[in-house]
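Asks: Below is a structure I'd like to ask you about.
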């Protein structure tokens, strides 16, 4: 295992800061913020696992690992996630991670000879009618295909995942006891109840578990059973395993209960019929009520100690990569805060959820005038206070966690790859001119 960081020089103040990289330095618990315009990362160290064997994973193999971490089914219906371009059977040695599939990032990927570019934001988020090379998006597609670099996007499926984008944002701010701000319901779940001769119960439970039943969190083959008596009379044309047609039989049976994902109902019932010794096994299927799961958009947590809004805003500015925008705050600077809601990316549609969860302050990006103004009017002088930072800055911390998890998963599978997090700032704003003081003119 190696740790490395790419280096670059800081452009002079007032210059064009887009596309530049910044010199990473070790991250201490407290460190002096770098000031100036533009954006940079602090404490960026990218985990790199060197390829040590001749057996290489494919694009499809890496995508398979990513989709276990960020299931496309978790994406919002309006989103565009998954493999954008690339040959699934192509080999992968190097993967570059970035927030945006911007031209500067694509150039970086090709210069580094990456085989796969993983970005949070989709390249083709809104419909296009052409990918001609003389269009911006078409040019990116052509460059990637020409150089054999695949492009993969994990967007709202990564937002909703646990851990996901907002978990990373919460962690760099020092929050603990995290729960979803806007929780997704758990996947639809059934409970299967069946009745099995006692001597065959373990065989049936094994078959149901192999088909996907009995998974609860990190536990497998979970089942509940009790012993009772079953009675039946075989009808004309029946061939009972126990007893004789036309005669009442009483058998010692086990009642077995197991939960299963509703989408696997057909496979589990098929396994039941195959493994059960009876010609006509008795069973019930119950559709369980939904409840909130661990996934969802945004997170809510607590600071290690209560602080003022001003001090908290300074913590945010120190913890996140600097941008031209910096940190904007709405609320009394001396107000105390301890319960914090966060949402990586645009989050002003979640203000009502923030109010419901009784957070003291909400950290997000792209707060528009009307939602922010109305939220403060409703709150009066009290919480929730608002902290607005650049969109890119709230999502960039997620990349390091993805790099570690992806590299670790591939190495554990026997396919080590080299993974690098881009330190290139793709926030679109270049410089800011402070408004002059005095009366509004």
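Asks: Among 268, 105, rank each residue by its count of other Cβ atoms within 10 Å, from fewest to most, as a rough exposure measure.
Replies: In increasing order of surrounding Cβ atoms, one gets 105, 268.
Asks: Looking at the chain as a GNM with Cα springs under 10 Å, which of 188, 384, 57 has the largest mean-square fluctuation?
Replies: 188
Asks: Among (i) 1.24; (ii) 1.09; (iii) 1.06, which one is Rg/Rh (Cα atoms, Kirkwood Rh) computed from these coordinates?
Replies: (ii)
Asks: Right, next: Take residue 135 and residue 78, extend 7 Å from each Cα along the Cα→Cβ direction, and tell me the distance between the two endpoints in nm.
Replies: 2.1
Asks: Sort 385, 278 so the one with the fewest other Cβ atoms within 10 Å of its own Cβ comes first.
Replies: 278, 385
Asks: Determine the gain in length on full extension of the stretch residue 274-residue 143; use 0.36 nm per residue of separation and subtract their C-alpha separation, reporting nm with one decimal.
Replies: 41.9 nm
Asks: Given a 10 angstrom Cα cut-off, can you work out which residue in 71, 332, 202 is the most mobile in a GNM of the chain?
Replies: 202
Asks: In which sequence would 411, 395 go, from the one with the fewest C-beta neighbours within 10 Å to the one with the most?
Replies: If I rank by nearby Cβ atoms, fewest first, I get 411, 395.
Asks: A further question follows. Pick from 69, 314, 258: which residue has the top mean-square fluctuation in a GNM of the chain where Cα pairs under 10 Å get a spring?
Replies: 258
Asks: Continuing with the same structure: For the chain, what does the helix formula give at 222 nm: sum of -39500 (n - 2.57) over DSSP H segments with n ≥ 4, over the residue count, nearest 500 deg cm²/dmol?
Replies: -7500 deg cm²/dmol
Asks: On to the next question. Compute the distance in nm between two label points, each set 7 Å from the Cα along the Cα-to-Cβ direction, one at residue 287 and one at residue 248.
Replies: Label-label distance for residue 287 and residue 248, simple model: 3.7 nm.
Asks: On C-alpha positions alone, give me the angle between the axis of helix 201-210 and the longest principal axis of the chain, in degrees, nearest 10.
Replies: 30
Asks: Give me the angle, in degrees from 0 to 90, between the Cα long axis of helix 309-319 and the longest principal axis of the Cα atoms of the chain, rounded to the nearest 10.
Replies: In the chain, helix 309-319 runs at an angle near 80 degrees to the longest axis.
Asks: Can you work out the FRET efficiency for the pair residue 264 and residue 374, with r the C-beta to C-beta distance and R0 = 60 Å, to the nearest 0.05?
Replies: Here the calculated transfer efficiency is 0.85.
Asks: If you don't mind, another one. Quick one: angle between helix 398-412 and the longest Cα principal axis of the chain, in degrees between 0 and 90, rounded to 10, please.
Replies: Relative to the chain, helix 398-412 is tipped by roughly 50 degrees.
Asks: With a cut-off of 8 Å between alpha carbons and a minimum separation of six or more residues, what is the relative contact order of segment 189-290 in percent?
Replies: 46
No lab work stands behind these numbers, since they all come straight from the coordinates. Source: prediction; values computed, not measured. All Cβ positions, even for glycine, are placed from backbone atoms using ideal geometry, and neighbour counts span all protein chains on display.
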